[in-house]
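Quick notes on the structure that follows.
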Amino acid sequence: MGIWKAIEELRADGWLPIEARQPQYVVAQAAGCAPIHRAFTGGADKADAWVDPVTYASGLRVPGPFGDRVLLRILRATNGCTAAIAEDTMRDATARLSHATGIDAAPEGGCALAALEQLVAEGRIARTADVVVFNTGVGASYRP
């Protein structure tokens, strides 16, 4: 929501052309805690709290996301999409992200990469699309 708001403010203040469009937004969630994915794919206007959330990615363990209604509106307004990623897939993508970039990727970033790969494979994101994948944490937080 922060990026959407920033783009709207940049347009309103003249830093971006008024005709500049918002990008397509994507929500990547762990399969064991995916309230936005469930609400979006179910056509709901709000996300019901996820009961018994399970994921090792603590940044994705958000059973009752704040701003769910706004987020769902943004996803629909930008022809966005969602993905729910299994734990093993997330772990593999996190390792690949770290190896390919040299950053200490967090599982949240691995989830985002895995979601991108899944959505491209399904044809919901074009192979030629310009994409930004956010790694919203650091792998060191997950080591003892």
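The values are calculated or read from the model by the stated rules, or taken from the named source; none is laboratory data. Source: prediction; values computed, not measured. Methodologically, a virtual Cβ is constructed for each residue, glycine included, from the backbone with ideal geometry; neighbour enumeration extends over all protein chains shown.
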**OP:** For the range 103-144, enumerate the residues that are of a type in the set (A, V, I, L, M), without any contact (Cβ under 8 Å) to a residue 40 or more places away in the chain and part of a helix (DSSP H, G or I).
**Re:** L113, V120, A121, A140
**OP:** Give the number of residues within the range 18-55 that are modelled with pLDDT under 95, of a type outside the set (A, V, I, L, M, F, W, C) and more than 16 Å from the chain's Cα centre (by Cα).
**Re:** 2
Original post:
What single numbered condition from (1) out of contact with any helix residue (DSSP H, G or I) (no Cβ under 9 Å at 6 or more places or on another chain); (2) part of a loop (DSSP other than H, G, I, E, B); (3) surrounded by 13 or more Cβ atoms within 10 Å (Cβ to Cβ) fails to hold for D52?
Top reply: (3)
**OP:** Mind listing whichever residues of the range 110-144 are modelled with pLDDT of 95 or more and under 15 Å from G59 (Cβ atoms)?
**Re:** G110, C111, A112, L113, A114, A115
**OP:** Collect the residues in the range 15-49 that are in a loop (DSSP other than H, G, I, E, B) and either under 15 Å from I85 (Cα atoms) or of a type in the set (D, E) (or both), keeping them in residue-number order.
**Re:** E19, A31, G32, A34, D45, D48
**OP:** Please go through the range 1-58 and pick out each residue that is free of Cβ contacts under 8 Å to residues at least 12 places away in the same chain and aromatic (F, W, Y).
**Re:** W15
Original post:
Looking only at residues in the range 21-32 that are in contact with a helix residue (DSSP H, G or I) (Cβ under 6 Å, 6 or more places away or on another chain) and hydrophobic (A, V, I, L, M, F, W, C), which one is surrounded by the fewest Cβ atoms within 10 Å (Cβ to Cβ)?
Top reply: V27
Original post:
Got a number for residues in the range 59-93 being in contact (Cβ under 8 Å) with a residue 40 or more places away in the chain and farther than 18 Å from V26 by Cα?
Top reply: 1
